[in-house]
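K.L.:
One structure, as structure tokens, below. Some questions next.
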Amino acid sequence: MEGWGARHLFVNLEYEVDELRREAKMARLCAERGMALHVAHDTCVVMPGALRSGTGRPYAVYSPWYRAWVRHVHENLELLELSDAPSKNPASAREAFAELFDCEIPPAPESKRLSDEEAERFRSLWPAGEHEAMKRLDKFCETDIGGYAANRNIPSTPGTSNLSVHFASGTLSARTAVRVARDRNKTKKLDAGIEGIQTWISEVAWRDFYKHVLVHWPYTCMNKPFKPEYSNIEWSYNQEHFGAWTEGRTGFPIVDAAMRQLRGMGWMHNRCRMIVASFLSKDLLLDWRMGERFFMEHLIDGDFASNNGGWGFAASVGVDPQPYFRIFNPLLQSEKFDPQGDYIRRWVPELKGVVGKAIHHPYGRGAGPQAKKAGYPKPIVEHKVARERALAAYKRGIESGL
């Protein structure tokens, strides 16, 4: 900045603790040199801290928070105003700032580099840039948003927007997405009109909510559960079980399909994220933070606040008011959200030839020999037994913390 004669630094604020400490250090450095640091709350429609309950406390439950969020946006419509695209740099910019334009992008750290095959695959699956983001947003609003409420939980159908990668990377803002969706509705109200649009806007708002939680309860950034009383649960650290989960070799077809989708696409359908997270933390009783970290290391749309919030929900240690005895039954989830087994057959080719309802539980529904011959493993746990073990472990952990 000193070399270029700049006196103002504009940044988009990140809310995680380490990032906030970095911004605070930058603010001090700028002030010492007579410069100004300007921060923008670009990732949220409503700035964290702006919404409080009737008692003046921050919200810890989504539904009342969302009602307040909608009301606040309706009362402050400028929050959905979009900025004009910036004009092109003058021709002199490349001469005046040649050093900046000539700077090469550094390579990724060794542990984060993609193979040539992976890079090519991800480029084809997830075209980069804001123009691609707007193209995808417009197409979704044109063709699929009307049926979003009905189709969003079916992983085999193109019922979701697949825009999370653009939200996470900053090539699309929640503000723009909500504004574009609202303008396709029959009303300017965010909670009225076409059901699919209402539902999608409420799902985008979850990203805001989890960032609000992060700001008000920063210890969630520090490997701690939102609910302190859940800190004493005795988790398992069975590496064989964890390896089977990460590789999609648990013997539970819906879980394995989802984990293989994650490895193949760097992305997973949201309903499946809940299923596999519940399976890891409840059926396998593995420490939910192992799964949280694995997701952040492999998701192309990894967002700390949303990922942490989702794992908190699945492991019952987060802000969600549901008690710990809400445990997803992977078989029932599979039958309900992948009734024909199309999603399973796509990602678990060993089971492609299994017909009927046996696809959901081959070893329990007469297709065991076929599955075994194809190399598909037996279930690594029995859900009923695992459920009882989880209930007992949670109960002991909570009682020991009281």
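K.L.:
Looking for something surrounded by fewer than 19 Cβ atoms within 10 Å (Cβ to Cβ) and either within 27 Å of Trp206 (Cβ to Cβ) or touching a Leu at 6+ places or on another chain (Cβ under 7 Å) (or both) - is there at least one such residue anywhere in segment 350-373?
P.N.:
Taking every residue of segment 350-373 in turn, none turns out to be surrounded by fewer than 19 Cβ atoms within 10 Å (Cβ to Cβ) and either within 27 Å of Trp206 (Cβ to Cβ) or touching a Leu at 6+ places or on another chain (Cβ under 7 Å) (or both).
K.L.:
Collect the residues in segment 296-332 that are small (Gly, Ala, Ser), in contact with a Gly (Cβ under 9 Å, 6 or more places away or on another chain) and within 16 Å of Pro228 (Cβ to Cβ), keeping them in residue-number order.
P.N.:
Gly312, Ala315, Gly318
K.L.:
Does any residue of segment 334-342 turn out to be assigned by TED's automatic domain parsing to the domain that holds Gly264 and touching a Leu at 6+ places or on another chain (Cβ under 6 Å)?
P.N.:
Scanning segment 334-342, I find no residue that is assigned by TED's automatic domain parsing to the domain that holds Gly264 and touching a Leu at 6+ places or on another chain (Cβ under 6 Å), so the answer is no.
K.L.:
Here is a check on your reading of the model: is Ser111 exposed (fewer than 14 other Cβ atoms within 10 Å of the Cβ), free of Cβ contacts under 8 Å to residues at least 40 places away in the same chain and assigned by TED's automatic domain parsing to the domain that holds Val204?
P.N.:
Taking the combined requirement at face value, the residue does not satisfy it.
K.L.:
Among the residues of segment 238-250, are any at pLDDT below 95, surrounded by 20 or more Cβ atoms within 10 Å (Cβ to Cβ), more than 16 Å from the chain's Cα centre (by Cα) and not in a helix (DSSP H, G or I)?
P.N.:
No, segment 238-250 contains no residue that is at pLDDT below 95, surrounded by 20 or more Cβ atoms within 10 Å (Cβ to Cβ), more than 16 Å from the chain's Cα centre (by Cα) and not in a helix (DSSP H, G or I).
K.L.:
Another question, then. Residues being surrounded by fewer than 21 Cβ atoms within 10 Å (Cβ to Cβ) and closer than 15 Å to Gly248 by Cα: count how many of those fall in segment 375-385.
P.N.:
So the answer is 6.
K.L.:
If you don't mind, there's one more thing I want to ask. Hey, can you tell me all the residues within segment 76-108 that are assigned to a loop (DSSP other than H, G, I, E, B), exposed (fewer than 10 other Cβ atoms within 10 Å of the Cβ) and of a type outside the set (A, V, I, L, M)?
P.N.:
Hits for segment 76-108 are Glu81, Ser83, Asp84, Pro86, Ser87, Lys88, Pro90, Ser92, Cys103, Glu104, Pro106, Pro107.
K.L.:
Also: Does Leu299 count as among the aliphatic types (A, V, I, L, M) and under 16 Å from Phe252 (Cβ atoms)?
P.N.:
When the stated conditions are applied, Leu299 does not pass them.
K.L.:
A further question on this structure: I'm told Ser63 meets every condition in (1) closer than 22 Å to Val178 by Cα; (2) without any contact (Cβ under 8 Å) to a residue 60 or more places away in the chain; (3) under 23 Å from the mean Cα position of the chain (by Cα); (4) assigned to a loop (DSSP other than H, G, I, E, B) except one. Can you identify the failing condition by its number?
P.N.:
If we test Ser63 against (1) closer than 22 Å to Val178 by Cα; (2) without any contact (Cβ under 8 Å) to a residue 60 or more places away in the chain; (3) under 23 Å from the mean Cα position of the chain (by Cα); (4) assigned to a loop (DSSP other than H, G, I, E, B), just (4) comes out false.
K.L.:
When you check Met290 against the structure, is it assigned by TED's automatic domain parsing to the domain that holds Lys372, without any contact (Cβ under 8 Å) to a residue 12 or more places away in the chain, aliphatic (A, V, I, L, M) and closer than 30 Å to Leu13 by Cβ, yes or no?
P.N.:
no
K.L.:
Just to be sure, is Ile201 closer than 26 Å to Asp42 by Cα, assigned to a helix (DSSP H, G or I), without any contact (Cβ under 8 Å) to a residue 24 or more places away in the chain and of a type in the set (Val, Ile, Thr)?
P.N.:
yes
K.L.:
Among what's in segment 222-271 and is among the β-branched types (Val, Ile, Thr) and in contact (Cβ under 8 Å) with a residue 60 or more places away in the chain, pick the residue that is nearest to Asp342 (Cα to Cα).
P.N.:
Only one residue tops the list, namely Ile254.
K.L.:
Now for a separate question. Cβ-Cβ under 6 Å, sequence separation 6+ or interchain: first residue in segment 68-96 and in the same structural domain as Lys189 (by TED's automatic domain parsing) and within 30 Å of Ser53 (Cα to Cα), partner assigned to a loop (DSSP other than H, G, I, E, B) and charged (D, E, K, R). Which pairs?
P.N.:
Between residues of segment 68-96 that are in the same structural domain as Lys189 (by TED's automatic domain parsing) and within 30 Å of Ser53 (Cα to Cα) and residues that are assigned to a loop (DSSP other than H, G, I, E, B) and charged (D, E, K, R), the close pairs are Val70/Asp191.
K.L.:
Still on this model: Could you please give the count of residues in segment 326-337 that are touching a Lys or Arg at 6+ places or on another chain (Cβ under 9 Å) and in contact (Cβ under 8 Å) with a residue 60 or more places away in the chain?
P.N.:
3
K.L.:
Name the one entry in Lys135, Lys139, Lys189 that is in a loop (DSSP other than H, G, I, E, B) and either under 20 Å from Leu82 (Cα atoms) or in contact with a strand residue (DSSP E or B) (Cβ under 8 Å, 6 or more places away or on another chain) (or both).
P.N.:
Lys189
K.L.:
While we're here: What residue, of Ala150, Ala168, is assigned by TED's automatic domain parsing to the domain that holds Gly196 and loosely packed, with under 15 Cβ neighbours inside 10 Å?
P.N.:
Ala150
K.L.:
Can you run down the residue pairs with Cβ atoms below 7 Å, 6 or more apart or on separate chains, where the first is in segment 43-56 and in contact (Cβ under 8 Å) with a residue 60 or more places away in the chain and in the same structural domain as Leu190 (by TED's automatic domain parsing) and the partner is assigned to a loop (DSSP other than H, G, I, E, B) and hydroxyl-bearing (Ser, Thr, Tyr)?
P.N.:
Listed pairs, sorted by first residue: Pro48/Tyr15; Leu51/Tyr59.
The values are calculated or read from the model by the stated rules, or taken from the named source; none is laboratory data. What you are looking at is a predicted structure, and each value in this text was computed from that prediction instead of being measured. Here the Cβ is made from the backbone with ideal geometry for all residues, glycine too, and neighbour counts use every protein chain on show.
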